[in-house]
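Following: one structure in structure tokens, then a few remarks.
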Amino acid sequence: MLSIPSRLGALSMLLLAFGAVPAAQAQVVVTAPGTVYQQDFDALAASGTGHAWQDNATLPGWYSSRATYNAGTGSSNAGALYSFGTGPDRALGSVASGSTGTLYYGVRLANASGRPLTALDIAYTGEQWRNGGNTAQHSLAFQYRIAPAGEITAINTPASGWTSVSALDFTGPVATATAGALDGNAAANRAAVAGRLEVRVPDGHEIWLRWVDIDNAGADHGLAIDDLRIAFEAAGTLPALSVADATVEIGEDGVPSPLLFVVELDTAAEQDVRFAIATADGTAQAGVHYVARSEAEAVIPAGEQRYEFAVDVLGNPEPGTTRTLTVTVSELDGAEGVDTVAIGRIVNTTVALTPIGAIQGPGTVSPLLGQQVVTEGIVTATRRNGFVIQSAPGEEDDDPLSAEGIFVFTGNDNVPAAAQVGHRVRVAGRVTQFLRTPHGLPLTQLGSPLSVSLRATGQPLPEPVVLDETALSPDNAPDYLARYETMRVSVPALEVVGPSNAQGVFFGVLPGTPRPFREEGMGVLDVTPLPPGVTPPWFDTNPERLRVESATQTGATPIDVDVGTVITGLTGVLYYDSGDYTLLPDPGLELGFAGGAVPRPVAPRPEGAISIAGFNIENLNLAEDSPANTLRLRKLALAICQYLRTPDLLGLVEIRDLATAQRLAQSLNDDEFGHCPEAPQYEAHLIPAPTGTQNLGFLLRTAPVASGLPRVEALAVVQEGVDARLVAPDGSATAVLNDRPPLRLMAAFNADNGARFELTVIANHLLSLIDINSLASRNDSWVTEGNRRRGKRLQQALWLADLIEQRQNADPQEKILLLGDFNAFEFNDGYVDVMGIVTGQPAPADRVLLHADSPLKRPLLNLTTTTPADERYSYVFAGSAQTLDHVLVNQPLQDEVQIWLEHPRINADFGADHAGDGTLPTRTSDHDPVLAYLLPPAFLSADLKMTLSGPATPVRVGQVAEFIARVSHAGPQPALRPTVEFVLDSAANDPTVDAPAGWDCDAPLTAGTGLRIVCRNGTRLEAGEAAVFTLRSGVRRDAPRAFLGVRAEAASASTDPAPHDNRAESSVRIVGLPGFAAR
């Protein structure tokens, strides 16, 4: 038995982690010599396999790298943790294998004795329970690790820092080629192992003991430990002495302070502690870097614990280097030496500074990327996740292409106190770059490992660079402003072209710069791989734009602005984020604001016109009766009734359900908010989509017209393409193609005059442009998210075009109109030409990344292309105006009606702050609605009257007969595309017509035995107007009594309520020689 000195006293060994298990199981209290901790492992299972092993529970204080263990006699060669034995006497062991890898198991001992442990006497029996048939002997290796409580969390966590003690290893005695079970209790198959660990385990620390069984080459033997005994020896009454390291830093002032080494006892001594202490050279040399010193008899008096040993420092002239020396305590009397050697460090903290301009370099990527640098500058701005520094005036480099500012990234809410605007700071950090998207430019910054120190306060800020017409030119490359990145800049005046969002982010250009529009092609910075032979058009992304994050700087507040507002006085730092150079304005600026967008309704409905609108209503959900929804209804009523002028048919995009559409209709019909006096009697139609909550719907104006019929009738409402599936590159077709299936309405429009007009209207909401160029990988045949988005947009466009083609083939005269949010531009965006395919006019194969021919043989007209260029937008994205909401019409509809397009300007140009103002129609959505006026001529009533007068006396052969025809228009509405037809009998020869301005007459054509002339006006004849024609004709005399007869008839595409007076006739007698004609 191992003995323990009596001075051990009350020693508590707690075998648990972080807490306590019951005292009878989890701790050993050593109160007298001879007390030991022991473990015989007989609590382990004696039979069965797959028993759960629970650390600190299966055996209190014991841990294993395996979650299960088997009970066995050594007969199994399966790799596992084992309870070996033939009866209740068990041993803890293992068989390593390729499936288990290295096995670890051991005990956790916590020192709660109130004093250090100085030694462990360990004894156990090693047993071999299986011969694996391997002629090489195998061992259980013994290791230990000392650590503060909680630092070691599992038997191999951390995996490093363990100390091996080969004297406590167990090597199996049997190694023959015959595999089989052994009796581990037999003398030949076991061995006693014992040894002493001279260690120091401070109070409150832990020592873990473990056995390691590696997976040896070939079949492993089965080895185990049993009958473990541990005796503990604690420190006696002598205090422990240690000497601490010391460091001195020599800064730019070059004045060093002494190195102060502290010699300390862990407890006060009962008598004087005496020792010798002396310096010795390391990389520091005595007489050069420090003054050598030694004391032959240093003393810590009884009752005290501390002795200070100061070493004068001479210097260390090399910037950024550290010189070391040692201080050693020897000849110690009255204490136990625990740490008797200390290191002294003389650190020169001066460093070679890297100018900010050298870090930035002349391009968008730093030449020092990835390197650790030290630089200094003036703090010009702070934000939540970092701060900006700029070279102090006079410290700039001479390269105009290298920026003099840099962002220091600290992470959110971690900006150091030293980083205040106007402070000069020294920053040591790694040069990194921030790239939010691969399709943009990087922002150079300094990041972790990072240190910031204050050098001076109250420094003047660098003068801002003025961003003028050269800096914000439409002709610049996208990276032109890199030369000013994170520098102070100012913009004397900025005209807003993209309104502010809820965070105060907006876009502007210099006043006088044409408004930026989205242009054809892929973004010029896009890195999406292109197929061979494809050269798409490139969109320059409008470098004249400047993005503004008004609330980003610490202390700044959001700026709310609309398109057209001119802001003066903007100053701040130039940042780069979200694909654009971005101004972060300083807080507290005195800004000026002038102008701004004004809401504009569509033009009043022309007489007889049908109005059809489409409106992305931005996720309208009126399921709850809330103040927010009441506000939305109020604004929508104003927008729909006063600014869309209560359209006959309203296609709704992004509406939650039929109940929401009905609630909206009820509000408009009841004039709930006083904006809809016409009482349109809207009728709601909606069929829910199979997935999602963004649906398509219609509101039909059913208020009766003069004939008593409803203005609009729904003949059929059909959801198209519900069952269509997206076909993946591998041919699978499980995903839904049309998440928001097109909604087809067969509608009839009734006019006051009884005319009726039938039209097919299809509402659409195609897949958005989000992730169109994503390079994110997918675990399917699409490979990337961008491939799938482009593929789905292509297949949706093809499906829709094919639907139109099928309908046109089935009924070539069917009039078709498509409206909605197509999430596509009227031109080729370079990825997929969605609108080209849908209208039957796709881009060439070499001009688009993903191409397909359109199935549509008779093209559609996109009315967006008929509007003035500066009106071609329904949405503003990142300051570039663009159209996503279109109206498309087929040829039969174009042939029958006059049609034109308008947008009420109530959303796209206005800031997000307008959403909370119930007195305005603005920002009811982020899209402007689109409205088409259709003018079927038959919907107009036009009462034409024809009068015709001829010569008063006979006309002699050889003379010209002259007739005057007058078409008058009594109204009440315009006569669209009016015509006048002259029919002359056989006596006419070479007739001509003088027509008024705006009219064109055909050449005479044979009509029976006479001639026919038709005159046309391609526009209209207004009520109260008249048109006078002069018809002249030579004459023939083919009979004794010959006459020239003329009939004139007026008509128009409008409905004539009294057509009986549209025709007039006249004749004149012909005299002279028979058969003679003159003209």
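Filtering region 891-926 to residues that are polar (S, T, N, Q) and at pLDDT below 95 leaves only Gln898.
Filtered by the rule that a residue be polar (S, T, N, Q) and not in a loop (DSSP other than H, G, I, E, B), region 90-123 gives Ser94, Ser97, Asn111, Thr118. For region 557-578, a residue qualifies if it is within 14 Å of Glu590 (Cα to Cα) and in a loop (DSSP other than H, G, I, E, B), and the qualifying residues are Thr557, Pro558, Ile559.
Sub-7 Å Cβ pairs linking a first residue in region 421-439 that is farther than 23 Å from Ser453 by Cα to a second residue that is in a strand (DSSP E or B) and among the polar types (S, T, N, Q), at least 6 apart or interchain, are Phe434/Gln445, ordered by first then second residue. Residue check: is Trp162 touching a helix residue (DSSP H, G or I) at 6+ places or on another chain (Cβ under 8 Å) and of a type outside the set (Val, Ile, Thr)? No.
Return the residues of region 783-795 that are more than 24 Å from Phe827 (Cβ to Cβ) and in a helix (DSSP H, G or I); say none if nothing qualifies. Give the steps one after another, and end with the answer.
Restricting attention to region 783-795, the residues satisfying the condition of being more than 24 Å from Phe827 (Cβ to Cβ) are 783-785.
Selection gives Glu785 alone.
Determine, yes or no, whether Gly958 is modelled with pLDDT under 95 and over 18 Å from Ile1070 (Cβ atoms). Break it down stepwise before answering.
Numbers: modelled with pLDDT under 95: yes; over 18 Å from Ile1070 (Cβ atoms): no.
Considered against the rule, which asks whether it is modelled with pLDDT under 95 and over 18 Å from Ile1070 (Cβ atoms), Gly958 comes out as no.
Please go through region 286-328 and pick out each residue that is closer than 24 Å to Asp253 by Cα and outside any loop (DSSP other than H, G, I, E, B). Full working, then the answer.
First, pick out the residues of region 286-328 that are closer than 24 Å to Asp253 by Cα: 286-292, 310-325.
Once the filter is applied, which keeps residues that are closer than 24 Å to Asp253 by Cα and outside any loop (DSSP other than H, G, I, E, B), region 286-328 yields Ala286, Tyr290, Ala310, Val311, Val313, Thr322, Arg323, Thr324, Leu325.
Each residue in region 425-452 was checked for being touching a Lys or Arg at 6+ places or on another chain (Cβ under 9 Å) and surrounded by 15 or more Cβ atoms within 10 Å (Cβ to Cβ), and 7 pass. Here Val327 meets each of (1) in contact with a Pro (Cβ under 9 Å, 6 or more places away or on another chain); (2) more than 30 Å from Gly429 (Cβ to Cβ); (3) surrounded by 15 or more Cβ atoms within 10 Å (Cβ to Cβ) with one exception, condition (1). Here Leu472 meets each of (1) in contact (Cβ under 8 Å) with a residue 60 or more places away in the chain; (2) surrounded by fewer than 21 Cβ atoms within 10 Å (Cβ to Cβ); (3) part of a loop (DSSP other than H, G, I, E, B) with one exception, condition (2).
Any idea which of Glu720, Glu713 is of a type in the set (D, E, K, R), at pLDDT 95 or above and out of contact with any Pro (no Cβ under 7 Å at 6 or more places or on another chain)?
On the way: Glu720 fails: out of contact with any Pro (no Cβ under 7 Å at 6 or more places or on another chain).
Only one candidate passes the filter, namely Glu713.
When every residue of region 912-920 is checked against the conditions, none turns out to be crowded, with 21+ Cβ neighbours inside 10 Å, part of a loop (DSSP other than H, G, I, E, B) and of a type outside the set (Phe, Trp, Tyr). For region 55-92, name all the residues that are in contact (Cβ under 8 Å) with a residue 40 or more places away in the chain and β-branched (Val, Ile, Thr). Residues satisfying the conditions are Thr73, Thr86.
Per the listing Leu636, Leu622, Leu525, Leu631, the residue uniquely of a type outside the set (S, T, N, Q), assigned by TED's automatic domain parsing to the domain that holds Ala747, in a loop (DSSP other than H, G, I, E, B) and surrounded by 15 or more Cβ atoms within 10 Å (Cβ to Cβ) is Leu622. For region 796-822, the set of residues classified as in contact with a strand residue (DSSP E or B) (Cβ under 8 Å, 6 or more places away or on another chain) and either in a strand (DSSP E or B) or surrounded by fewer than 21 Cβ atoms within 10 Å (Cβ to Cβ) (or both) consists of Arg807, Gln808, Glu814, Ile816, Leu817, Leu818, Leu819, Gly820, Asp821, listed by residue number.
Can you tell me how many residues in region 658-673 are touching a residue at least 40 places away in the same chain (Cβ under 8 Å), within 24 Å of Ala689 (Cα to Cα) and of a type in the set (A, V, I, L, M, F, W, C)? Give the derivation first.
Keep residues of region 658-673 that are touching a residue at least 40 places away in the same chain (Cβ under 8 Å), which gives 660, 663-664, 673.
After this cut, where a residue has to be within 24 Å of Ala689 (Cα to Cα) as well, the list is 660, 663-664.
This time we only want the ones that are of a type in the set (A, V, I, L, M, F, W, C), so: 664.
Counting residues in region 658-673 that are touching a residue at least 40 places away in the same chain (Cβ under 8 Å), within 24 Å of Ala689 (Cα to Cα) and of a type in the set (A, V, I, L, M, F, W, C) gives 1.
Would you be able to say whether some residue in region 405-416 is within 21 Å of Arg483 (Cα to Cα) and assigned to a loop (DSSP other than H, G, I, E, B)? Spell out how you get there, then give the answer.
Filtering region 405-416 down to residues within 21 Å of Arg483 (Cα to Cα) leaves 405-409.
Still in the running and assigned to a loop (DSSP other than H, G, I, E, B): none.
No, that holds for no residue.
In this structure, is Thr100 modelled with pLDDT of 95 or more, over 21 Å from Tyr37 (Cβ atoms) and surrounded by fewer than 20 Cβ atoms within 10 Å (Cβ to Cβ)?
Numbers: modelled with pLDDT of 95 or more: no; over 21 Å from Tyr37 (Cβ atoms): yes; surrounded by fewer than 20 Cβ atoms within 10 Å (Cβ to Cβ): yes.
Taking the combined requirement at face value, the residue does not satisfy it.
Condition first: part of a loop (DSSP other than H, G, I, E, B) and farther than 12 Å from Val1046 by Cβ. Now tell me which residues in region 942-967 satisfy that. Ala952, Thr953, Pro954, Val957, Gly958, Gln959, listed by residue number.
Quick check on Glu654: is it assigned by TED's automatic domain parsing to the domain that holds Val705, buried (at least 17 other Cβ atoms within 10 Å of the Cβ) and on the phi > 0 side of the Ramachandran plot?
Details: assigned by TED's automatic domain parsing to the domain that holds Val705: yes; buried (at least 17 other Cβ atoms within 10 Å of the Cβ): yes; on the phi > 0 side of the Ramachandran plot: yes.
Taking the combined requirement at face value, the residue satisfies it.
Residues that are farther than 15 Å from Gln459 by Cα and within 29 Å of the chain's Cα centre (by Cα): does region 372-382 have at least one? Yes, that holds for at least one residue. Per this entry, Glu233 is not counted among residues that are of a type outside the set (Gly, Ala, Ser), part of a strand (DSSP E or B), surrounded by fewer than 19 Cβ atoms within 10 Å (Cβ to Cβ) and modelled with pLDDT under 95.
Condition check ((1) touching a residue at least 60 places away in the same chain (Cβ under 8 Å); (2) surrounded by 14 or more Cβ atoms within 10 Å (Cβ to Cβ)) across all residues:
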site	(1), (2)
Leu241	yes, yes
Asp245	yes, yes
Val248	yes, yes
Val255	no, no
Leu259	yes, yes
Glu264	no, yes
Ala276	no, yes
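Suppose we keep only residues that are within 16 Å of Ala1050 (Cα to Cα) and surrounded by fewer than 22 Cβ atoms within 10 Å (Cβ to Cβ) within region 974-986. Which one would you say is modelled with the lowest pLDDT?
Within region 974-986, the subset within 16 Å of Ala1050 (Cα to Cα) is 974-984.
Those still in the list that are surrounded by fewer than 22 Cβ atoms within 10 Å (Cβ to Cβ) too: 977, 979, 981, 983.
Values: Arg977: 92, Thr979: 96, Glu981: 97, Val983: 96.
The qualifying residue modelled with the lowest pLDDT is Arg977.
The values are calculated or read from the model by the stated rules, or taken from the named source; none is laboratory data. None of these values were measured; they are calculated from a predicted model. Virtual Cβ from ideal backbone geometry, glycine too; neighbours counted across all protein chains shown.
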